[in-house]
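Structure, as structure tokens:
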Amino acid sequence: MVIAIPMIWLLVFFLIPFAVVFKLSLSEAAIARPPYLPMMTWDEEGILTFVLNIGNYFYLLDDDLYIFAYMQSMKIALVSTVICLLVAYPMALAIARANSSTRNLLLMLVILPFWTSFLLRVYAWIGILKTNGLLNNALLWLGLIDQPLAIMQTDLAVYIGIVYTYLPFMILPLYTSLVKQDESLLEAAADLGARPVTAFFSVTLPLSFPGIAAGSLLVFIPVVGEFVIPALLGGPDTLMIGRVLWSEFFSNRDWPVASAVATVMLVVLVVPIMLLRLAQQADEKKA
Amino acid sequence: MTTDAISPFISEPWTDPSAKPFIRIRGISRHFGAVKAVDNVDLDIYKGELFCLLGGSGSGKTTLLRMLCGFDNPTAGTIEIDGQDMSHVPPYKRPVNMMFQSYALFPHMNVAKNVGYGLARDGMPKAQINSRVEELLAMVQMEGFGARKPNQLSGGQRQRVALARALAKKPKLLLLDEPLGALDKKLREETQFELMKLQEDLGVTFVVVTHDQEEAMTLATRIAVMVDGKLAQVSTPRDVYEYPNSRFVADFIGGVNLFEGRVTADEENHMKLQSPEAGLEIHVGHGVSCSPGQRMWYALRPEKIRIARDRPDQPHNVVEGMVEEVAYMGSLSVYRINLDSGKQIKVTQPNLDRAQDNPISWDQRVYVSWGSSAGVVLPT
């Protein structure tokens, strides 16, 4: 009974919408309203015909723009995830090891940015990164550079925006897994002759793998489909699948191709995660 | 006071003033804000001892142990282990290993990796680690468990693995924090004897923290009773039991009946204590350093009291009372007796025969008596 509730949730908010998108991806675009041909038609002899158009998927393979956009999205998501992990880990560790009153304050600070609109915060980064923005002016004033840096509309700006936005999603799961680690384990390691660095790599780090996995998925998956940040901070070269999807849907009004793009994205994301889960389960069974 | 104590142990280095202590603790204190967890403790522990720190929760016993392995730094005072000052030695460089109360086994490593962890840190070659781990697992009777993860072991098995891990590096000093606390009673008793045997065989000095006085009595060569961060008494188990130095220690270790009284006679070979609480003048068959009129306490263990329906033939230490309650415990029976003075005392008598004719029972009047050397006179 209890398990039925998440099941129903998944069915209503995930499976059914996905089925709708998947069905759309198999239809043919048309200048109509809605802008695609119906899948099922009754012809005049009363025979029901199904039209399944898998041409949209071949179209994606044909045009290397899509493949390129997928690869680019994957690369940006991967690099951002690694950067997020490297930045978030020391922060999460510091929060987990702080005393309880400081800890709550630090956690508040991590969550605080969510109280401002995400869009606003990305626009704020434009103000910081643009040619005569805060960062360039500060660096010029300090004399560290004599020419403003061109950060806006580059991949660098996209990385900055993504890492900034998704950092809390990495910090929180890491913090959760670090804070519940038994302190006496580190004492045991020290007692057995491990210096603090060795103790970290042999005890703290491996025990936080579930946190690392959770945080990485929470960052990686949404970043692959990220649209707003590359659109606002990136240049014309920063082609990510989210942007392609947006333009297929709104500029080209080709709903079936846009749906196909979305379906492929989902498969590309879900399949590796499922394989990872299966590998983990096999590993657990073996142990 | 302790001169006539007979100790079962062959060597008693603490009685030899020229013996060099293995651990020398001097004036050590640890304050947490206003709380004095450990307060100016001096203590010597000798090589090969199985030393027990006994105390209730918050007595400072664990803090003292943590300072020995370097997890806590003393506010004041020094610790010397094997002649070396430990003040600035971090935990990972001390010749000390600890068995944690929670065992603190690494959950992501199997048993063999756990036991071999310390050896690997020392850079021992893999083959050598493997054979040493085998040896250790055999020692704690855990052969064949090397590939298991800690969560696949029972409590008793985890305890053994933790012990093997703590002994892996052949430490000169092993600290054990409530080593048997998580085990059930039967397993605890078995493991106590195994622990003692192991300690004897290996010759390692053990310092055990426990709140269980029975455990301390069974295991220890000497016991330090801790209260409020101070050492109340440091003696052999027998001395702590038979010659407690304060009411606190007498009450903490085993059951005791305490009678308040005033010194009425103070002679070379005996003294007398007038105790309205007991309803008689208690005769003590040895001299005690005291002055007439001084307020003192007489501590009498329940098993050192006899009860009978007929008045026993002895000149001193006989009072009358009424049996309030009898509890049959198998090996012995416990009596609660209301003395005519109003004081309730506890008496235990061994059940020497299976069937007793007409046993002493509820609401019967009895004579309560004890020998002149049965109890201890305590000034505080």
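In this structure, the residue pairs whose Cα-Cα separation is over 22 Å, taken from B:Lys36/B:Lys61; B:Lys113/B:Lys185; B:Lys197/B:Lys230; B:Lys93/B:Lys172; B:Lys126/B:Lys169, are B:Lys113/B:Lys185; B:Lys197/B:Lys230. Given a 1.4 Å probe and the protein chains as shown, B:Asp184 ends up with an accessible area of around 100 Å². Using just its DSSP H runs of length 4 or more, each adding -39500 (n - 2.57), chain A gives a mean residue ellipticity at 222 nm of -21000 deg cm²/dmol after division by all residues. Nearest 10 degrees is fine. How inclined is helix B:155-167 to the longest principal axis of chain B, computing both from alpha carbons? Value to nearest ten degrees: 70. Between the Cα long axis of helix B:126-139 and the first principal axis of chain B there is an angle of about 20°, rounded to the nearest 10.
The heavy atoms of B:His283 offer some 30 square angstrom of accessible surface to a 1.4 angstrom probe. Site-free segments of chain B were taken between trypsin sites (Lys or Arg not before Pro) in DSSP loops having at most 10 other Cβ atoms within 10 Å, sites themselves excluded; the longest one is B:1-308. The order of A:Leu78, A:Leu60 by accessible area, most exposed first and with a 1.4 Å probe, is A:Leu78, A:Leu60. Around the Cα centre of chain A, unit charges on the Cβ atoms of Lys, Arg, Asp and Glu (plus for the first two, minus for the last two) sum to a dipole of about 860 debye.
The order of B:Trp297, B:Trp370 by accessible area, most exposed first and with a 1.4 Å probe, is B:Trp297, B:Trp370. With contacts taken as Cα pairs under 8 Å at a separation of at least 6 residues, chain B carries a relative contact order of 15 percent.
Taking every alpha-carbon pair under 8 Å whose residues sit at least 6 apart, the range B:255-378 reaches a relative contact order of 29 percent.
A cut-off under 10 angstrom between Cβ atoms defines the neighbours of B:Lys272, and their net charge, with Lys, Arg +1 and Asp, Glu -1, is -2.
So what's the angle, to the nearest 10 degrees on a 0 to 90 scale, between helix B:111-121 and the longest Cα principal axis of chain B? Around 70 degrees separate the two axes.
A DSSP coil position with no more than 11 other Cβ atoms inside 10 Å describes the following GluC sites (Glu not before Pro) in the range B:216-316: B:Glu267, B:Glu268. Where Lys and Arg each count +1 and Asp and Glu each count -1, what net charge lies around A:Val79 among other residues with Cβ under 14 Å from its Cβ? Counting the neighbours of A:Val79, the net charge comes to -1.
Taking every residue in B:93-100 and counting other chain Cβ atoms within 10 Å of its Cβ, the average works out to 3.
What separates the Cα centres of the range B:15-84 and the range B:88-151 is a distance of 26 Å.
Charging the Cβ of each Asp and Glu at -1 and of each Lys and Arg at +1, and nothing else, the dipole of the protein assembly as shown about its Cα centre rounds to 820 debye.
Across the protein chains, with a 1.4 Å probe defining accessible surface, the residues B:Glu215, B:Glu194, B:Glu134 rank B:Glu134, B:Glu194, B:Glu215 from largest area downward. Relative contact order, whole percent, for chain A stands at 27, derived from Cα pairs under 8 Å and 6 or more residues apart. Only helices reaching 18 angstrom along their own axis (Cα) with mean Kyte-Doolittle hydropathy no lower than 0.5 count here, and for the DSSP H runs of chain A these are A:64-97, A:155-179, A:209-224, A:255-286.
The values are calculated or read from the model by the stated rules, or taken from the named source; none is laboratory data. Since we're looking at a predicted model, the values are computed, not measured. Note: ideal-geometry Cβ built from the backbone for every residue, glycine included; neighbour counts use all protein chains shown. For the accessible areas, the whole protein counts, side chains as well, though only heavy atoms, and no ligand, DNA or RNA atoms are used. Shrake-Rupley method; radii C 1.70, N 1.55, O 1.52, S 1.80 Å.
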